[in-house]
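Visitor: Please find one structure pasted underneath; my questions will follow.
The values are calculated or read from the model by the stated rules, or taken from the named source; none is laboratory data. Computed from a predicted structure; not experimentally measured. Here the Cβ positions follow ideal geometry from the backbone for every residue, glycine too, while neighbour counts run over all protein chains shown. Heads up: the accessible areas ignore ligands, DNA and RNA and are worked out on the full protein's heavy atoms, side chains in. Shrake-Rupley method; radii C 1.70, N 1.55, O 1.52, S 1.80 Å.
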Amino acid sequence: MTSITLYGGVNEIGGNKILLEDKGVKLFFDFGQSFSFGNDYCYGYLQPRSRIGLLDYFEFNMLPKIKGIYSSEELSACSGFPYTSPKIHGVFISHCHSDHINHIKFLDPKIPIHVGHGTKTIMDISEVTSAFADYGEEHNYRLFKSGDKVKVKHIVVEPIHVDHSIPGAYGFIIHTSKGNIIYTGDLRLHGPKGDMTKEFIKRAKEANPVAMLSEGTRVTEHDPEASNTSEALVESEAKKIISNAEHMVLADTAIRNIDRLMAFYNAAVKNDKFFVIDTKMAYTLDMLKDKIDLPNVIKGKHIKVYFRQMKSCTYIEKDYPLWERPYMQNMVNAKWVHRNQDDVVMAFNIYKLFELVSIRPKKNSDYIYSMSEHFLEGPDNAEALGVRKNWMEHFKFKMPEKNYAEIDNKDGTKEPVPIHKLHASGHMPKEDVMNMIRTINPDMVIPIHTQNPKSFGQFHKRVVLPEIEKEIKIR
Ligand SMILES: [Zn+2]
Ligand SMILES: [Zn+2]
């Protein structure tokens, strides 16, 4: 028998955990963490006790109780759930976003985890630069690249590269005994590597699939990212904002969104400005430079690396961890940025705002928010936007003429915030998902990574609405 069971990614964006079973062989595709993970029982520092392993997670059904997937260490405190040797044959990870990879930390290290070369590099970078990165005990990693045919027992898995908001993203063509199954992972056509997604769609169509698991992040009537178009447009708009800027431009971006960092780098270079990045970004670009064509962060003419001031105030080597030190050759500090601010575009984020106290931006500087609008506006984000607003007003940032952020007041009115909004989604808009499904034309579509699985009925005559932990038979 061949079947698919979803343990996450059902009626929600992210948290994908897809179990495929075919003639006794079991594979997981992604093992991610929901964005709403733990919301009902955790709060701030109120978190499951990591020293107790999975006990707390199981109590509140935060992780599925499946035998033969978790490590003995994680199960040591779970008296009613003894460790058994692995009952699954492998895990394939589509890309390195938390909603697809974060829960591998609980898995038995004996289970092979198949990841793309880029994903493994990003995991290694995160373990150096982030205090929060935790992929668990050293797993049995197997690396793949686009077009490989990875054989697990009788099943052959073909990863095909796709364009997404992180390098090294893949969709999969899975050859089972009952025919081919497609899993899209997360993908888009409107990024700089849209051709890779086109190639995936072409190969998926040629596979004549019996089933297709399709992401549908933006399959919704009210797409908050509808005004966004392409990464190319982000770059050209960034060029305009920078060329009109009187002083410094701060660009609030996600560190792993390399396309976006490069859009701002290119826009800065076009305007003959310095692009200032922090040490984490420098390390990330440096480690990825063999895989992607990226500027040299040590010798680049237009790139500078910002070092934060430490207690000694002298910017000496021993104040910084070893991995940061190579970039001191290209170091700038708050004083330098202050002096040169009319020629600076600085990659930034909300957690760096206190650096502005040392940098002292001039009145009418520009702040660009360039991440998903899911995390900017609306009631869930009101607090963070309010904090940004206070900072922008304190340092008298410029109010953009158009595309500015707004705070929703309780009386229904909106209050403008001096922040430019400039972003392109990492996901296909609804029309592209529709065209992709119609082109690939599988026998059956299973919508995942979407809040609106029912809307997929508009794209295909046979849509199977998944239910959590409920087996879907293939043929
Ligand atoms: Zn995702
Ligand atoms: Zn993603």
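Visitor: Please count how many residues of segment 165-182 are assigned to a loop (DSSP other than H, G, I, E, B) and away from ligand 2 (no atom under 16 Å from the Cβ). Give the steps one after another, and end with the answer.
Guide: If we filter segment 165-182 for residues that are assigned to a loop (DSSP other than H, G, I, E, B), which is where we start, we get 165-168, 177-178.
Remaining after also requiring away from ligand 2 (no atom under 16 Å from the Cβ): 177-178.
Qualifying residue count, segment 165-182: 2.
Visitor: Within segment 374-428, work out how many residues are surrounded by fewer than 13 Cβ atoms within 10 Å (Cβ to Cβ) and in a strand (DSSP E or B).
Guide: Of the residues in segment 374-428, 3 are surrounded by fewer than 13 Cβ atoms within 10 Å (Cβ to Cβ) and in a strand (DSSP E or B).
Visitor: Do any strands (runs of 3 or more DSSP E) lying entirely in segment 194-301 carry at least 2 residues that are in the same structural domain as Glu324 (by TED's automatic domain parsing), and which ones are they?
Guide: 249-252, 274-278
Visitor: Considering (1) open to solvent by less than 40 Å² (accessible area, probe 1.4 Å); (2) of a type in the set (A, V, I, L, M); (3) away from ligand 1 (no atom under 15 Å from the Cβ), say which one Leu55 fails and leave the rest.
Guide: (1)
Visitor: I've got another one for you. Of the residues Val337, Val344, only one is in the same structural domain as Lys289 (by TED's automatic domain parsing), of a type in the set (Val, Ile, Thr) and farther than 24 Å from His423 by Cα; which?
Guide: Working: Val344 fails: farther than 24 Å from His423 by Cα.
Of Val337, Val344, the one residue that is in the same structural domain as Lys289 (by TED's automatic domain parsing), of a type in the set (Val, Ile, Thr) and farther than 24 Å from His423 by Cα is Val337.
Visitor: Inspect segment 295-302 for any residue being within 16 Å of ligand 2 (Cβ to nearest atom) and open to solvent by 10 Å² or more (accessible area, probe 1.4 Å) and give the result as yes or no.
Guide: Within segment 295-302 (the criterion being within 16 Å of ligand 2 (Cβ to nearest atom) and open to solvent by 10 Å² or more (accessible area, probe 1.4 Å)), the answer is no, since none of the residues qualifies.
Visitor: I'd like the residue in segment 183-241 that is surrounded by fewer than 21 Cβ atoms within 10 Å (Cβ to Cβ) and of a type in the set (Gly, Ala, Ser) and, out of all such residues, is nearest to ligand 2 (Cβ to nearest atom).
Guide: Gly194
Visitor: Still on this structure, I have one more. Being β-branched (Val, Ile, Thr) and buried (at least 16 other Cβ atoms within 10 Å of the Cβ) is the filter here; which residues of segment 429-448 pass it? Give the derivation first.
Guide: Taking segment 429-448 as the starting set, the residues that turn out to be β-branched (Val, Ile, Thr) are 433, 437, 439-440, 445-446, 448.
Once the filter is applied, which keeps residues that are β-branched (Val, Ile, Thr) and buried (at least 16 other Cβ atoms within 10 Å of the Cβ), segment 429-448 yields Val433, Ile437, Ile440, Val445, Ile446, Ile448.
Visitor: Pull up segment 88-117, narrow it to residues that are open to solvent by 10 Å² or more (accessible area, probe 1.4 Å) and within 17 Å of the chain's Cα centre (by Cα), then point me to the one that is nearest to ligand 2 (Cβ to nearest atom).
Guide: Within segment 88-117, the match that is nearest to ligand 2 (Cβ to nearest atom) is His97.
Visitor: How do the pairs read when you match residues in segment 87-107 that are of a type in the set (D, E, K, R) with residues anywhere that are near ligand 1 (Cβ under 9 Å from one of its atoms) and open to solvent by less than 10 Å² (accessible area, probe 1.4 Å), using Cβ under 9 Å and keeping only pairs 6 or more apart or on different chains?
Guide: Correct list of pairs: Asp99/Gly9; Asp99/Gly14; Asp99/Gly15; Asp99/Asn16; Asp99/Asp30; Asp99/Gly32; Asp99/Asp186; Asp99/His449.
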